[in-house]
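These notes are about the structure you will find just below.
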Amino acid sequence: MSTPFDLDAFTKTMTEMGIEVITDTQQIGKLSQDYHTFSPILTAKLAGKIADVVVRPANLQQVLNLAKICVAYRIPVTVRGAGTGNYGQCVPLHGGVVIDMTKMQDVCWVKPGIARAQAGIRLAALDKITRETSWELRMVPSTYRTATLGGFIAGGSGGIGSVQYGLLRDRGNLLGLQVVTLEDEPRVIELRGDDVQKVNHAWGINGIITEVEIPLAPAYPWAEVIITFADFLSALRFGQKLAQADGMVKKEIGVFAAPIPNYFTALRPYIGDGQHVVLSIIAESSLDFVTGLVQQYQGEITYQKPALASGRGINLGEYTWNHTTLHARSSDNSITYLQSIFPSDNFQTIEHMHNHFGDEVMMHLEFIRVEGNIANPGLQLVRYTSEDRLNEIIRYHEQHGVFIANPHSYLIEEGWKRSIDPEHIEFKRTVDPYNLMNPGKTIFGF
Ligand SMILES: Cc1cc2nc3c(=O)[nH]c(=O)nc-3n(C[C@H](O)[C@H](O)[C@H](O)COP(=O)(O)OP(=O)(O)OC[C@H]3O[C@@H](n4cnc5c(N)ncnc54)[C@H](O)[C@@H]3O)c2cc1C
């Protein structure tokens, strides 16, 4: 259901303000979508949810101007980066205006170890610029080529780099945010230090992020390696040992149980049938130490791409995180996924689930750093048959102490944290007093 408002008058006002407006229904349809289609449940629930109009502001003043109009006419607002989110995060639940931020892609500045840029810049573009100064983004989602900086902060959690630097939510991984409010007189607010958490991962309902300041990491020459194993637990133990090796610099360690590697078409020449695989991105200076570790766990290095070839040919990062699901779905679009936190019981629960479900729930784990320790969240692939069976699978995991951050819901309270952050609620009351920012994303009453 769309909130009625005078679309012609709105379009005219936007045009007078010099703001690009999209009224073509097909384009609006596309820009009202994200990758919630990975979930058959969300696909059904979000069918037909579409904005009335899309706008593309090019600068801060235009964001302020359009925010004022949306507030004056109480028009629902959904902010959009590249639309790669997985939970329908930027699907407008009640129509209104989609604000596409991709025109705002200026880099404000880059200093040693810090960068500031507009929210609509693509992560890969920002990374390319910072790398010219020998610094790079600490972590990126596997969608780094398309995803925007603002979308990653508002909707993402971590990714390639998280094995070294933890998640976005970890103190120090986000330095500053510039946010435009949806008050009667929209304001520009600068959040710094711990205050950034008021907007970090708020799914776009706590103000329009216009600029982001992030810490950078030294840009190492990165090599990419495929290691195969005959035995799944050996692959897992190898991954853990590599993640724990504090002297070795790494960016990515993903573990994939057979038959997942069958879906990695371009990697097939390097992976035998029935083999389990570790995909890793490692600083070239640490490569020599991988060989010994691989032997210890009876693995085999079957592919190595030197840093010199970085950016060319196969990019292993684009097989990890939710790209694994993307590759599997391109062969079989009935496949969906789970997001799981396993108990730290030395892999007993993981092994149990691996054996219990067999091919129905295929193990994909990523190593990350969490509060000084190494953890291995799962992004298992599920052969979907019905909603009841999916819920049964989720329940079985929960009964065995596995936390499921349900990717089959568009509600904040059912996702990663299972609740809405009290800090987010308090801040929302200030910056979005009329609850215009994609209302319906939270069951909390405002
Ligand atoms: C194949 C695949 C792989 C993925 N891998 C990862 C991964 O490795 N790690 C990870 O964390 N995520 C991953 N994701 C999810 C998604 O890619 C990330 O969350 C990504 O960072 C989103 O960026 P985006 O620009 O596409 O944001 P969008 O999808 O456009 O938006 C995401 C959320 O942020 C809000 N938002 C966007 N811009 C702004 C802004 N300027 N101000 C306020 N709110 C805003 C939107 O309203 C929405 O709620 C993956 C998704 C896919 C489909």
Per-region count, region 145-157, residues within 7 Å of the ligand (Cβ to nearest atom), out of contact with any Gly (no Cβ under 7 Å at 6 or more places or on another chain) and not polar (S, T, N, Q): 2
Odd one out for I314 among (1) at pLDDT below 95; (2) touching a Lys or Arg at 6+ places or on another chain (Cβ under 8 Å); (3) of a type outside the set (F, W, Y); (4) outside any loop (DSSP other than H, G, I, E, B): (4)
Counted residues, region 256-309 - those being basic (K, R) and closer than 17 Å to I160 by Cβ: 1
Selected residue [modelled with pLDDT of 95 or more and surrounded by 19 or more Cβ atoms within 10 Å (Cβ to Cβ)] from A115, A124: A115
Identity of the residue in region 200-220, in contact with a strand residue (DSSP E or B) (Cβ under 6 Å, 6 or more places away or on another chain) and closer than 15 Å to P433 by Cα, that ends up nearest to the ligand (Cβ to nearest atom): G204
Some residue of region 61-79 being under 16 Å from V180 (Cα atoms), near the ligand (Cβ under 9 Å from one of its atoms) and assigned to a loop (DSSP other than H, G, I, E, B): no
Of all residues making up region 243-271, the number that are farther than 24 Å from R369 by Cα and among the polar types (S, T, N, Q): 2
Options R389, R369, R429; residue that is modelled with pLDDT of 95 or more and either part of a helix (DSSP H, G or I) or closer than 16 Å to Y337 by Cβ (or both): R389
Pick from region 118-144, criterion over 9 Å from the mean Cα position of the chain (by Cα) and assigned to a strand (DSSP E or B), ranking: farthest from the ligand (Cβ to nearest atom): W135
Tally of residues being assigned to a loop (DSSP other than H, G, I, E, B), surrounded by 15 or more Cβ atoms within 10 Å (Cβ to Cβ) and among the polar types (S, T, N, Q) across region 323-351: 1
Residue in region 266-273 that is among the small types (G, A, S) and touching a residue at least 40 places away in the same chain (Cβ under 8 Å) present: yes
Exclusive hit being at pLDDT 95 or above, of a type in the set (G, A, S) and surrounded by 21 or more Cβ atoms within 10 Å (Cβ to Cβ), set G176, G172, G158: G158
Inter-residue pairs, beta-carbon under 8 Å, first outside the structural domain of N322 (by TED's automatic domain parsing) and under 15 Å from P215 (Cα atoms) and in region 128-153, second aliphatic (A, V, I, L, M) and within 6 Å of the ligand (Cβ to nearest atom), 6+ apart: V140/A147; L149/A119; G150/V79; G150/M101; G150/A119; G150/I209; I153/A119; I153/I209
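The values are calculated or read from the model by the stated rules, or taken from the named source; none is laboratory data. Computed from a prediction, not measured in an experiment: that's the story for all the values here. Glycine gets a Cβ as well: all are built from the backbone with ideal geometry, and neighbour counts include every protein chain shown.
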